[in-house]
Structures are given as C-alpha cells and as structure tokens.
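The values are calculated or read from the model by the stated rules, or taken from the named source; none is laboratory data. Bear in mind the structure is a predicted one, so any value in this text is a computation, not a measurement. FYI the Cβ positions are ideal-geometry reconstructions off the backbone, even for glycines, and counts take in every protein chain you see. Note: accessible area is taken over every heavy atom of the protein model, side chains too, but ligands, DNA and RNA are not part of it. Shrake-Rupley method; radii C 1.70, N 1.55, O 1.52, S 1.80 Å.
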Amino acid sequence: MATLEVKGERREVEVEVVTSKSVSIDLEDELTTPDTLPTQLSLLHTVPVSGCCTSVCSYQGNTYVGLESGRVDIIDENNQLSRKFVGVGNLVLSVAVYKDRLYTLVYDNPYTVTVHDLTGKLITNWTHTDHWNGYISQLAVVSDQVVIPDRQNKRLTVYSLTGEVIKHIKCPLLSPNLVSMCAVDNLSVVVSDYQTSKVFKVNIPSGEVEWTSQDVPNPEGVTYHGGRVFVTNCSNTTRVWILDVNTGKLLTEISDAAIRTDSDVFDLHVTGNTLIVPRYNEHKVLFYQID
C-alpha cells in the first residue's frame, strides 16, 4: 500500500510492480474522475481554428486539432491557437498522441498514416487499404499497436508502431460508412458505426466483440475516460451519451445547446473533467466542464 496525494486529497493505493512490462498510468486523471454520473455541461472556452476541424486529442496540456485543409494545429494550455504543427497534405481524419508521437490518419486512396515526433519531424508513414468517398474513419493506438478499420473487407487491421501489419481482426459489424474509434484500455477499442447505429467494444488480442450497444442513433464521435465511453451522434440533437465501458450499458445523457447547431461533430475527447468538441463546419473547438 502507498499513500497518494492528488490536489490535496489523500488516497491509499495498492500498487503491484510488474517487472516484465513497461506500465504507464495516469493516476491523477483517473483519481479525479467523479464517482457520480455527470448531469450537465458548462461551456468554458470557444477557440476559433483555421478551417473545418475533424478530430481532436489532448496530450500534456496541448490540444491537437486535425483539419480538412491537411494540417494539424495546436491549441495550447492557455486556450490559444498557438501554431501550425504539421502539414500532411490532405484531409486529416484522425489524430492520436502516444508515447510522444503524433499519429494521423489522412484521407487519400489509399489512406495514409503519418507519424511525427512532438517537434513536428516526420518519423515514418505508410498506406492503409480503406477508401470510402467522403466518409470519416479513425485510428486508435493500443499497447504499441495502431488499429484502423478496413471497412471494405469488414475487419480491423492491426499495425506495429512503424507500419508492419501484425494481424487482421474480422469485424462483420463494420459498415461502409462513417466510423469512429477510440482506445479504452491496453487491450480494447470501442467502435461506433453511423449506418448501423451500433457502438461496440472489440478485444484486440482475442478479436472478440465484448458488447454491442444500440442506444445511440447514428453515432458519430466516440471517446473514453475513467471507465466511461462518451458518444455523440449525427443529428441536430445536443446530447452526449455515456456508456459503461465494461458492459455497454447506457448510464446517462448530458447536453448543451452549443454542442451542435447544424455542424457535424466527428470526434470528441475527454481529459480530466473537460470535454473537447470540434465543430466541423463552424471552424471552432469547444471546451466544456463536465459537472
């Protein structure tokens, strides 16, 4: 047992040391997640960006924003659009930062994955077979593996961090339409499929679909934080659905009218008690407090 103090609160934590693997745990993020379910969203900041924004992720205080123009920009910890980070040449479908590397999925035929360090230097890139005209897809990084939907072949392709194909996972639930995906732990991803109105969790080592939810009509964006899966949908509603990550059970819904006003939301991200929402058509990123 060890005593951990986070923001003035002391907790007794049981720690198991594993010597055979490198383990990284964000203790502050998990421990500050409230046990009670959130009931509302409070708008904190609105940050204009330089074009249609498709995807977001947060890492070490910075928010990385993928743009239709083929750029990734950075919103800094002071909520200022600080700079153009990298250019990748075409519509950025998805961004994820893992172990100080930025992974982007870029729209093309075929799609392209690019990897940059946090100075903007290109490390590597590779192509991915999946091309559906006009439909968003995403990637997720799980335990040193990059997972990307291959909707044409109804499977998930699992790559090493440098682009070698490790395996394919059959995924008959995938449709040839808009798909969103996020990593939820060191073993699994959660996928949302707009056309089938399904959200489902896939175990990467086994390939097993652990649960399927049909509580969210036409889901668009999905992200994970603190044992919960947050989902938006493709309609003029203003809701965010929250599912239990272990069972897929619908826990609650929260809303704010500013989330959507005829503007698609293809992605979202939660860090601590902050929800980050890119508003595609309106060229802005919204930051909410989750209460």
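Answer yes or no: is there a residue in the range 139-148 that is over 15 Å from Val106 (Cα atoms) and of a type in the set (S, T, N, Q).
Yes: one or more hits.
Does Tyr59 satisfy the criteria of being under 25 Å from Asp291 (Cβ atoms), of a type in the set (Phe, Trp, Tyr) and modelled with pLDDT of 90 or more?
So Tyr59 passes the test.
If you go through the range 113-141 one residue at a time, how many are among the polar types (S, T, N, Q), modelled with pLDDT of 95 or more and either open to solvent by less than 40 Å² (accessible area, probe 1.4 Å) or within 23 Å of Asn203 (Cβ to Cβ) (or both)?
Qualifying residue count, the range 113-141: 2.
For residues in the range 20-55 being of a type in the set (S, T, N, Q), farther than 22 Å from Glu253 by Cα and at pLDDT below 65, which is surrounded by the fewest Cβ atoms within 10 Å (Cβ to Cβ)?
Ser20
Suppose the filter is aliphatic (A, V, I, L, M) and either in contact with a helix residue (DSSP H, G or I) (Cβ under 9 Å, 6 or more places away or on another chain) or closer than 24 Å to Val158 by Cα (or both); does Val97 pass it?
yes
Please name all residue pairs, on different chains or six or more residues apart, with Cβ atoms under 6 Å, provided the first residue is in the range 188-203 and is of a type in the set (Asp, Glu) and the second residue is assigned to a strand (DSSP E or B).
The qualifying pairs are Asp193/Val179.
Being out of contact with any strand residue (DSSP E or B) (no Cβ under 7 Å at 6 or more places or on another chain) and more than 26 Å from Pro278 (Cβ to Cβ) is the filter here; which residues of the range 169-207 pass it?
Across the range 169-207, the qualifying residues are Pro172, Pro205, Ser206.
Quick check: anything in the range 225-236 out of contact with any Phe, Trp or Tyr (no Cβ under 7 Å at 6 or more places or on another chain), modelled with pLDDT of 95 or more and assigned to a loop (DSSP other than H, G, I, E, B)?
no
Just to be sure I understand, how many residues within the range 185-200 are open to solvent by 10 Å² or more (accessible area, probe 1.4 Å) and either not hydrophobic (A, V, I, L, M, F, W, C) or not in a loop (DSSP other than H, G, I, E, B) (or both)?
Residues that pass the stated criteria total 7.
Quickly run through the range 201-231 and pick out the residues that are among the aliphatic types (A, V, I, L, M) and either open to solvent by 20 Å² or more (accessible area, probe 1.4 Å) or more than 13 Å from the chain's Cα centre (by Cα) (or both).
Val202, Ile204, Val209, Val216
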